[in-house]
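For reference, the structure discussed in these notes is given below.
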Amino acid sequence: MQVAARSYRAWKTRLPALRAIEDARVIDTLRSLKDLDSKGRPRPEILYGRRKMTVWLRRNGFPEVSKHTVDRLMRDEGMNGLVRGRTTIPGKDGKRAADLLNRNFSASAPNRIWVTDFTYVPVYSGVVYVALVIDLYSRAIVGWETSTVKDTEFVEQCLKMALWRRNHSKRPVHKGLIHHSDAGSQYTSIRYTETLEIEGLEPSIGSVGDAYDNAAAETVMGLFKNEAMAKGSPFRAGALKTENDVIDIVFHWVHWYNNARLHAALGHQTPEEFERIYYDENFGSLPDAAAHKTAA
């Protein structure tokens, strides 16, 4: 095909379109999420779908990027985000606390309502159980524990970690906090019920075999299984052999979940950001002032 010399010179000297430049910057950022760290893992943000990736990009150097641009470029790069595709054993005596939430999974402030649950992770050496305690106000994971035995001590240690972490972050728990779980035998045991009473927590338990009665905890458990433990997860460096492998993944995923993961239910803020805004707006920037006023 014949091309005029003038047309060729114009093509050689023409600057690239602004859209092409901006697309290249976004593509470079998207591709950087695939870069592997020293353990062979990509960035956790690679789990984001188009809507959440748009918010993340706007918070990281692209304040005016449109959702349509992100959708187009993610498709070009073959990035789809994570697509999310349990069993309760009741106590033998059937005795348990009433359901105080009635499927209303919202709270007006931190440390008003916690929900808890546990799941299992297959490893070479058997099975590792992972328990989480979640604050309904911010969806923050306030406590976690792993064990190779799903007994009462296992879930009790998870609760004690939550109480310890809150107290040592100057966001103490006061009497009357509602503690909601399913009707599993670990949570309905005499030992666990007595622990709740000693700590001044109000027990609330859903019905047997009904995931909807503990849907908030089930949702976070689903995120954990899909984002942290699934094959190809950016938190997994390879096969899971022992409990220590699971502990390492849980630790890093919980830190990312609380401090960096964008949550649609929080207006695409992180749980830590959401709680800090609450304390700033209600008590000033010092959690100590909030603790003093709440205790009074």
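Rule-based calculations on the coordinates, nothing more; no lab input. All values derive from a computational prediction rather than experimental measurement. Using ideal geometry, Cβ is built from the backbone for each residue, glycine included, and neighbour counts are taken over all protein chains shown.
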Here are some pairs, LYS52/LYS231; LYS39/LYS241; LYS67/LYS231; LYS170/LYS225; LYS175/LYS225; LYS52/LYS170; which of them have Cα atoms lying more than 26 Å apart in this structure?
-> LYS67/LYS231; LYS170/LYS225; LYS175/LYS225; LYS52/LYS170
The long-range amide H neighbours of HIS268, using H built 1.01 Å from N in the peptide plane and a cut-off of under 5 Å, are HIS263
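Taking 25 Å as R0, compute the FRET efficiency from the Cβ-Cβ separation of ALA5 and ARG25 and round it to 0.05. Working shown, then result.
On the way: r = 33 Å, r/R0 = 1.33.
The formula returns an efficiency of 0.15 here.
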Out of residues 5 or more away from VAL142 or on other chains, whose amide H comes under 5 Å of its own, with H placed 1.01 Å from N in the peptide plane?
-> VAL133, ILE134, ASP135
Potential extension, LYS170-LEU100 segment - 0.36 nm per residue separation minus Cα distance = 22.5 nm
Which distance in nm do the two modelled labels at HIS252 and TYR124 give, with both placed 7 Å along the Cα-to-Cβ direction?
-> 1.8
Classify the stretch 186-270: rounded, prolate or oblate, from the alpha-carbon gyration tensor (a ≥ b ≥ c, eigenvalue square roots; a/c under 1.5 rounded; otherwise prolate if a/b is larger than b/c)?
-> prolate
